[in-house]
């Protein structure tokens, strides 16, 4: 069975993330979305909330699982028999950082990293940008799934 992981913080999950997840689900038998836990980061949504939002948003892909992950991604992969990491690249600046990570992950555990170019429709999109725009009342509909938009508005209204 060919397995891949799509890692990220997904705070919140965007349509750009879902595009990469959906495309990966057509290439692999199983895709695990790993919601990374970084205690030094201030998140808008809890890990459990992010997992539920992704599960709901990706439910059309029957081969996509969603789990949390802390520690080294290669340990997560090793424990689940995952052979590949799938990462979306928006720009050359993403590549510089991601290439170093890919080389480190291969060095540590022989896990391959596959880069997918982001759909140009989402090339500018990031969770941080979505949160910032939404915080100031900007319209982020069309950038996140409707269920995420609803949760985002409710959270920011608090």
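The values are calculated or read from the model by the stated rules, or taken from the named source; none is laboratory data. No experiment lies behind these values; they were computed from the predicted model shown. Don't worry about glycine lacking a Cβ; one is built from the backbone with ideal geometry, like all the others, and counts go over all protein chains shown.
Take residue 80 and tell me if it is surrounded by fewer than 19 Cβ atoms within 10 Å (Cβ to Cβ) and in contact (Cβ under 8 Å) with a residue 60 or more places away in the chain.
Details: surrounded by fewer than 19 Cβ atoms within 10 Å (Cβ to Cβ): yes; in contact (Cβ under 8 Å) with a residue 60 or more places away in the chain: yes.
Yes; evaluated as a whole, the condition is true for this residue.
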Open item on the list: Can you tell me which of (1) modelled with pLDDT under 95; (2) surrounded by 11 or more Cβ atoms within 10 Å (Cβ to Cβ) is the one residue 137 doesn't meet?
Closed with: (2)
Open item on the list: On the basis of being buried (at least 19 other Cβ atoms within 10 Å of the Cβ), in contact (Cβ under 8 Å) with a residue 60 or more places away in the chain and assigned to a strand (DSSP E or B), does residue 86 make the cut?
Closed with: yes
- [ ] Go through segment 103-123 and give me each residue that's touching a helix residue (DSSP H, G or I) at 6+ places or on another chain (Cβ under 9 Å) and over 26 Å from residue 80 (Cβ atoms).
- [x] 119, 121, 122, 123
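Restricting to segment 64-77, give me the number of residues that are touching a helix residue (DSSP H, G or I) at 6+ places or on another chain (Cβ under 6 Å), outside any strand (DSSP E or B) and buried (at least 21 other Cβ atoms within 10 Å of the Cβ).
The first filter runs over segment 64-77 and keeps only residues touching a helix residue (DSSP H, G or I) at 6+ places or on another chain (Cβ under 6 Å), leaving 64, 66, 68-69, 74.
Subset that is outside any strand (DSSP E or B): 74.
Those still in the list that are buried (at least 21 other Cβ atoms within 10 Å of the Cβ) too: none.
Going through segment 64-77 one residue at a time, the tally reaches 0.
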Open item on the list: If a residue must be under 22 Å from residue 89 (Cα atoms) and in contact with a strand residue (DSSP E or B) (Cβ under 7 Å, 6 or more places away or on another chain), how many such residues does segment 127-158 contain?
Closed with: 1
Open item on the list: Scan segment 50-63 and tell me whether some residue there is under 24 Å from residue 108 (Cβ atoms) and either touching a helix residue (DSSP H, G or I) at 6+ places or on another chain (Cβ under 7 Å) or buried (at least 21 other Cβ atoms within 10 Å of the Cβ) (or both).
Closed with: no
Open item on the list: Being farther than 30 Å from residue 156 by Cα and surrounded by 15 or more Cβ atoms within 10 Å (Cβ to Cβ) is the filter here; which residues of segment 116-133 pass it?
Closed with: 116
TODO: Among the candidates 124, 115, single out the residue that is closer than 19 Å to residue 21 by Cα, in contact (Cβ under 8 Å) with a residue 12 or more places away in the chain, out of contact with any strand residue (DSSP E or B) (no Cβ under 8 Å at 6 or more places or on another chain) and not in a helix (DSSP H, G or I).
DONE: 124
- [ ] Confirm whether residue 27 is within 21 Å of residue 120 (Cα to Cα), modelled with pLDDT of 95 or more and surrounded by fewer than 14 Cβ atoms within 10 Å (Cβ to Cβ).
- [x] yes
- [ ] Assess whether residue 55 counts as being in contact with a strand residue (DSSP E or B) (Cβ under 8 Å, 6 or more places away or on another chain), under 24 Å from residue 147 (Cα atoms), free of Cβ contacts under 8 Å to residues at least 12 places away in the same chain and in a helix (DSSP H, G or I).
- [x] yes
Open item on the list: Anything in segment 15-33 that is touching a helix residue (DSSP H, G or I) at 6+ places or on another chain (Cβ under 6 Å) and either outside any helix (DSSP H, G or I) or under 14 Å from residue 70 (Cα atoms) (or both)? List them, or say none.
Closed with: 31, 33
